[in-house]
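Below: one structure, written as structure tokens.
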Amino acid sequence: MITIIAEFDVKTDKVESFLDAVKPLVEGSNAEAGCIRYELHKAMDSENNYTMMEEWEDQAAIDAHNISDHFTSIVPSLADFMNAEPRVTLYSKVIS
């Protein structure tokens with residue numbers, strides 16, 4: 001299993017537009033083969049900090065996700081909502 005954590009610093013005046021834009025991304029991603037979970041979380045101490053938490057069965061599932069229609073049509077437009085580039089980190093499970 002591979003976990004991806006993507007952190008977004010969203011412009012204050014773009015939060016609602018950001019949420020509207022990512023909703024179909026979350027829905028489409030959760031329906032993909034190999035997706036264990038794909039969720040957007042909001043930091044409890046910040047109005048602008050959002051984190052996408054993803055779990056995938058393997059690299060092949062991530063590769064398919066990265067070329068999916070909902071990913072390629074939505075992700076490039078997210079830059080318009082950001083104060084900075086998203087911070088994306090991949091993890092592999094060590095202990096469960």
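The values are calculated or read from the model by the stated rules, or taken from the named source; none is laboratory data. Being a predicted model, the structure only gives us computed values, none of them experimental. Please note: Cβ atoms are built from the backbone with ideal geometry, for glycine as well, and neighbour counts cover all protein chains shown. Heads up: the accessible areas ignore ligands, DNA and RNA and are worked out on the full protein's heavy atoms, side chains in. Shrake-Rupley method; radii C 1.70, N 1.55, O 1.52, S 1.80 Å.
Key figures
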quantity	calculated
At 0.890 mPa s and 25 °C, Stokes D of the chain from Kirkwood alpha-carbon radius, µm² per second	178
Estimated dipole of the chain in Debye, rounded to 20 [Cβ of Lys and Arg +1, of Asp and Glu -1, Cα centre]	140
Accessible surface of the stretch 21-96 [probe 1.4 Å, protein heavy atoms]: carbon and sulfur percent	54
Residue-normalised accessible area of the chain, expressed per residue, 1.4 Å probe, Å²	61
Gaussian network model of the chain, springs between alpha carbon atoms under 10 Å - residue of D45, D63, D20 with greatest fluctuation	D45
Ranking by accessible area, most exposed first, for Y38, Y91 with a 1.4 Å probe	Y91, Y38
Net charge, D13 excluded, C-beta distance under 15 Å - Lys, Arg +1, Asp, Glu -1	-3
Cut-off 10 Å between beta-carbons: net charge of the residues surrounding I2, Lys and Arg +1, Asp and Glu -1	-3
